[in-house]
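Contents: one structure, followed by commentary.
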Amino acid sequence: MELFLTRQSNGLFMLTVFKPTKYYLYNDTNLIQDVYIQPGEPVGIRNLCRRGIIGLFGKQLALLKRLNSIKIDLVGTILEQGENE
């Protein structure tokens, strides 16, 4: 399954089916740039920490810079309950 791994402006990561779009947001005093998906688009996981990314994908992908995305191919095997014991 092809997914996008994106580093959010807060330093956490998200996995999405479609590539997120960069947006500019204004709060009281600052201009903030962050990445978001369109409403209704599927999100795999949001707010994954760096250690979670290292555990899932290794150190190389944890070096992704903020507000950048990379396309990954997630391949796995479904384990039956008896095989996992």
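Since every read-out is calculated from the coordinates, none of them should be taken as a lab result. Keep in mind that what you see is a predicted model, and the values were worked out from it rather than measured. Cβ coordinates were reconstructed from backbone atoms using ideal geometry, including for glycine residues, and neighbour counts include every protein chain displayed.
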**Prompt:** Somewhere in segment 57-77, is a residue over 15 Å from residue 14 (Cα atoms) and touching a residue at least 24 places away in the same chain (Cβ under 8 Å)?
**Reply:** yes
**Prompt:** List pairs: first in segment 21-41 and touching a residue at least 12 places away in the same chain (Cβ under 8 Å) and farther than 14 Å from residue 8 by Cβ, second of a type in the set (Phe, Trp, Tyr) and surrounded by 11 or more Cβ atoms within 10 Å (Cβ to Cβ), Cβ under 7 Å, 6+ apart or cross-chain?
**Reply:** 41/18
**Request:** Please state which of the following conditions residue 13 fails to meet, knowing it meets all the rest: (1) closer than 20 Å to residue 73 by Cα; (2) surrounded by fewer than 11 Cβ atoms within 10 Å (Cβ to Cβ); (3) without any contact (Cβ under 8 Å) to a residue 60 or more places away in the chain.
**Result:** (2)
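Condition check ((1) of a type in the set (Lys, Arg); (2) surrounded by 10 or more Cβ atoms within 10 Å (Cβ to Cβ); (3) out of contact with any Gly (no Cβ under 6 Å at 6 or more places or on another chain); (4) on the phi < 0 side of the Ramachandran plot) across all residues:
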| residue | (1), (2), (3), (4) |
| --- | --- |
| 19 | yes, yes, yes, yes |
| 30 | no, no, yes, yes |
| 40 | no, no, yes, no |
| 45 | no, yes, yes, yes |
| 48 | no, yes, yes, yes |
| 74 | no, yes, yes, yes |
